[in-house]
1. Hey, among W68, W36, which residue is under 13 Å from G21 (Cα atoms), in contact with a Pro (Cβ under 9 Å, 6 or more places away or on another chain) and in contact (Cβ under 8 Å) with a residue 12 or more places away in the chain?
2. Among the residues of the range 323-345, is any touching a His at 6+ places or on another chain (Cβ under 9 Å) and modelled with pLDDT of 95 or more?
3. Can you name the residue in the range 1-13 that is in a strand (DSSP E or B) and at pLDDT below 95 and, of all such residues, is farthest from I53 (Cα to Cα)?
4. Determine whether L79 is surrounded by 18 or more Cβ atoms within 10 Å (Cβ to Cβ), of a type outside the set (F, W, Y) and more than 30 Å from A235 (Cβ to Cβ).
5. Could you tell me which of the residues D57, D50 is under 26 Å from H89 (Cα atoms) and touching a strand residue (DSSP E or B) at 6+ places or on another chain (Cβ under 8 Å)?
6. In this structure, is D269 over 22 Å from the mean Cα position of the chain (by Cα), of a type in the set (D, E, K, R) and at pLDDT below 90?
7. Somewhere in the range 397-407, is a residue among the hydrophobic types (A, V, I, L, M, F, W, C) and more than 21 Å from Q337 (Cβ to Cβ)?
8. Among the residues of the range 183-208, which ones are more than 30 Å from T287 (Cβ to Cβ) and either touching a helix residue (DSSP H, G or I) at 6+ places or on another chain (Cβ under 6 Å) or at pLDDT 90 or above (or both)?
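The values are calculated or read from the model by the stated rules, or taken from the named source; none is laboratory data. All values reported here derive from a predicted model rather than from experimental measurement. Glycine also receives a Cβ, built like all others from the backbone with ideal geometry; neighbour counts cover every protein chain displayed.
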Amino acid sequence: QDEITRVIREDPEQPGLLFVGTETGVYVSLDGGGAWQRLPGNLPVAPVYDMKIKDGDLVIATHGRAFWILDDLTPLRELAAGLAQETPHLFPPRRTLRRWLHWGVYGGGSANRNYRLSFGLLITYFQDEGEEGEAILRMVDSGENPPQGVIVYYTLPEEVPDNVSLTFLDENGEEIRTFTRRPAQAGNNNTNGAAKPFVPARPGLNRFVWDMRYPEPEKLEGDPVTEKATVGPFAKPGSYQVRLTVGDAQITAPFEIYIDPGTGTSHEDMEEQFALWQQIVAKIDQTHKTIKRIRRVRDQVTAWGKNLAEAGLDEPQATALQERVKSLASQLTEVEQALVQTEAKTAFDRLRLPTKLNAKLVGLVSVVASADAPPTRQTYDVFAKLSGEVDEQLEKLDSILEEGIADFNAALEDAGVPPVVV
């Protein structure tokens, strides 16, 4: 009412779902024009001269405010069809293209001004953290892309229970990842150990974007070379499910991830890529857990070395144990330094310091993930070589723990001192 209408469009898939462009924005009707309401969102007040529904999105042409796109009309279509009357409700995710845009060099990640070189253009952006721990890019001199990943819409009741989660499952029903709501009384820097991003849990309509990645391997905190580059495998094309849990209620919906048919890559090729990717990630996980174990054991050994003076040992006994401490710490450090570059202070130190095994494995992931194609023979050869070198270091560590630490613990026991826990 009291609006100048410029354009009207009906959804080609859901009869009665209407969109009207006016002098001030867009209105939607779920009942064939019986009732209208303004489309919420971040569309500025502007004349809307044309609209088109393409690939399940609503594309809006404004006068003076450029093009705007409403991603994924699935929730509106189900509301118009009367399929989302009860809460909680899970809207089936639409078919999702398996892709990940790599913006190129100079990728930042801080809250300050960042730059990325892409397609021959240098773009400027700020990176913030959203309410649920997700990364939000605010573009300064370029447009926004749609979310990368599987978009999941769901509605929650007015009184939302504490346990709200989304679980993604593969075609066999095996769990891939589970995301939960932000823990109670957890601020931005206190998440009680829960993983980000969190599932939005507000009354009404919510949206979550799964980045199509499997769990990442163990991160090695404090290692600037790999800390931000350690990610999980990208889901292969195929059939999946998402399960919404709200209190005691569970709702499951299927969805599909597909590959660009223009690549010419077969399903078998992507299976091969995924299998090798998983193997590399498993080896990274094993390597980083081993490094952390080395550090825990060495910390205990050196701590006992500092406390031997308080143990009331005679000088020959204390001296002998101190020598054992130095020897064990040296052996453990030797294995550690074969696995990780301990002198690196920034990510760029990989340009001036020797690259160690964990960073080589992380770098190999980028080779496997560089294209929608099966891994090359050289990739398999490099992984076999790196994996063998890691296994050599693990064998050395096992020998140190089984023999050196065992002998050291026996000496501590003789001296009446508690043993080192491995």
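1. Sole residue among the options that is under 13 Å from G21 (Cα atoms), in contact with a Pro (Cβ under 9 Å, 6 or more places away or on another chain) and in contact (Cβ under 8 Å) with a residue 12 or more places away in the chain: W68.
2. Within the range 323-345 (the criterion being touching a His at 6+ places or on another chain (Cβ under 9 Å) and modelled with pLDDT of 95 or more), the answer is yes, since at least one residue qualifies.
3. T5
4. No; evaluated as a whole, the condition is false for this residue.
5. D57
6. no
7. yes
8. Within the range 183-208, V199, P200, A201, R202, P203, G204, L205, N206, R207, F208 meet the criteria.
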